[in-house]
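Colleague: First, the structure itself, so that you have it in front of you.
Readers should treat all values here as calculations from the given coordinates under stated rules, not as data from a laboratory. Just so it is clear, the structure is predicted and the values come from calculations on it, not from any experiment. Don't worry about glycine lacking a Cβ; one is built from the backbone with ideal geometry, like all the others, and counts go over all protein chains shown.
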Amino acid sequence: MELETLFQLMDRFSRSDLSALEWRQGEDAVVLKREMTAAPAAVPAVQASAPSSNAAPAEDDAELVTAPMVGTYYAAASPDEAPFVKVGQKVNKGDVLCIIEAMKMMSEITAQYDGVVAEILAENGQAVGFGAPLLRLRRA
């Protein structure tokens, strides 16, 4: 299997709601699994332990958006561009919330539903682990 094919498979899996995926082609096989829980999974030491300075107070009805993979969190497409979202901003399902870079591949993290950004938990350029809280989104 070519490395690019593997990366594409990982990216599509990370964007899906699937908890497991098994893919076989000839002698090649890939099995991807994730733990599906209401709370974020245990996160490696690279997770941020404190909210960023641009975070608003947590709201009880806001849901966590977590990192679907290990990588580097980016709030904007490039350093000279505005962040994708700000606290208090309304977002629609499918809107880009942030980017996670893993192995030089940029993966857009999108809103799974219409909502309002209640809190941004990750810092731009910060390393995040699988399941690390990125932001809180309140359903609209």
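Colleague: Under the 0.36 nm per residue contour assumption, what length would be gained going from the current alpha-carbon distance of residue 112 and residue 31 to full extension? Walk me through the intermediate numbers first.
Modeller: Numbers: separation 81, 0.36 × 81 = 29.16 nm, distance 2.44 nm.
Full extension from residue 112 to residue 31 adds 26.7 nm.
Colleague: On full extension of the chain, what length is gained from residue 78 through residue 139, given 0.36 nm per residue of separation minus the C-alpha to C-alpha distance? All intermediate terms of the calculation are to be shown ahead of the outcome.
Modeller: On the way: separation 61, 0.36 × 61 = 21.96 nm, distance 2.77 nm.
Residue separation times 0.36 nm, minus the Cα-Cα distance, leaves 19.2 nm.
Colleague: Could you list 78, 107 in order of exposure, starting from the residue whose Cβ has the fewest other Cβ atoms within 10 Å?
Modeller: 78, 107
Colleague: Also, quick follow-up: Order the peptides 133-139, 21-27 from the highest to the lowest mean number of other Cβ atoms within 10 Å of their residues.
Modeller: The densest-packed peptide leads the list: 133-139, 21-27.
Colleague: Just to be sure I understand the model, the point goes 7 Å from the Cα along the line to the Cβ. What's the resulting residue 93 to residue 4 distance in nm?
Modeller: Taking the simple label geometry, residue 93 and residue 4 are separated by 3.3 nm.
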